[in-house]
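In what follows, a single structure is set out as structure tokens and then discussed.
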Amino acid sequence: TSRVQALHGDDPAQSLRLAAALARESGHPLARALTAAVGNAALPVVDTVEVVNGGGILGRIEQRELRLGSAHFLGLASSDPRFAQALVLADADDALALFAFDDRARPEAAASVAALLADGLSVHMLSGDATDRVSAIARNLEISDWHARQSPADKLAFVSAHQQSGAVVLAVGDGSNDAPLLAVADVSAALVSGTELAQ
């Protein structure tokens, strides 16, 4: 993470530990980044955890119901600019902390996209992330057709529509929320660093 912002005067380090305790239950790249950010610090035990693919993580820590995910998933005011580029830790009543990330494309991504375009292939980017984040990466990679805030069902529908129009689809993904789209694509590639479900 590049920044932790506790919203109600809580200790940012403790907020990070709570979020990391939930995050270690998921293989999502952002969850792994949160877990890595605490290093070897002891994390609290999470009870009754639920990971919602394409959404977030729900769990109870010391009898307190906590949720980690996007503002959209948590039902918070996604129009609030503080939430636009962050994961949010919340309890049953309110957002508790924000975790911002520095998003960068893999070093080889631009060359890979350029090679696909040079071969006459259409390249599309589908992401569950916020619009600003997705548009910046798409612009950096020179991908003109991109779609933000995509659920697993949205991604699946996009691939299915292209297949029905006669396209042969290669899908590349790394998260559990990519598993349905990887399953229906004509050719699929899961990143080695991705989740076990995607692989």
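A few notes on this one:
- Taking the DSSP bridge list for the chain and keeping only pairs wholly inside it, about 75 percent are antiparallel.
- Of Leu66, Leu76, the residue with the largest accessible area leads and the full order is Leu76, Leu66 (1.4 Å probe).
- Highest mobility in the GNM of the chain, judged by mean-square fluctuation with C-alpha springs under 10 Å and restricted to Leu98, Leu117, Leu30, is found for Leu117.
- Taking Asp91, Asp102, Asp129 in turn, the Gaussian network model of the chain (Cα-Cα springs below 10 Å) assigns the largest fluctuation to Asp102.
- Only one item in (i) 20.3; (ii) 17.8; (iii) 18.4 matches Kirkwood radius over Cα pairs in Å derived from the coordinates shown, and that item is (ii).
- Solvent exposure, largest accessible area first (probe 1.4 Å, DNA, RNA and ligands not counted), of Ser144, Ser112, Ser127: Ser144, Ser112, Ser127
- Per residue, the average separation of C-alpha pairs within less than 8 Å and at least 6 apart gives the chain a relative contact order of 16 percent.
- Farthest positive-ward along the stretch 69-129 dipole, Cα basis, beta-carbon charges - from Pro107, Ala118, Pro81: Ala118
- Each residue was assigned an accessible area with a 1.4 Å probe, and for Ile61 the value is about 10 Å².
- Across the stretch 131-191, Cα pairs under 8 Å and at least six residues apart give a relative contact order of 27 percent.
- Short-range pairs are left out: with C-alpha atoms under 8 Å and at least six residues apart, the relative contact order of the stretch 47-125 is 17 percent.
- Residues of the stretch 88-111 with amide N under 20 Å of the 7 Å Cα→Cβ point at Leu7: 88-102
- Extension gain, Asn140 to Ala183, is 12.7 nm, computed as 0.36 nm per intervening residue step minus the present C-alpha separation.
The values are calculated or read from the model by the stated rules, or taken from the named source; none is laboratory data. Because the structure is predicted, anything quoted here is derived from the model rather than measured. A quick note on method: Cβ atoms are made from the backbone with ideal geometry, for glycine too, and the neighbour counts reach across all protein chains shown. We work out accessible area using only protein heavy atoms, side chains counted, and drop any ligands, DNA or RNA first. Shrake-Rupley method; radii C 1.70, N 1.55, O 1.52, S 1.80 Å.
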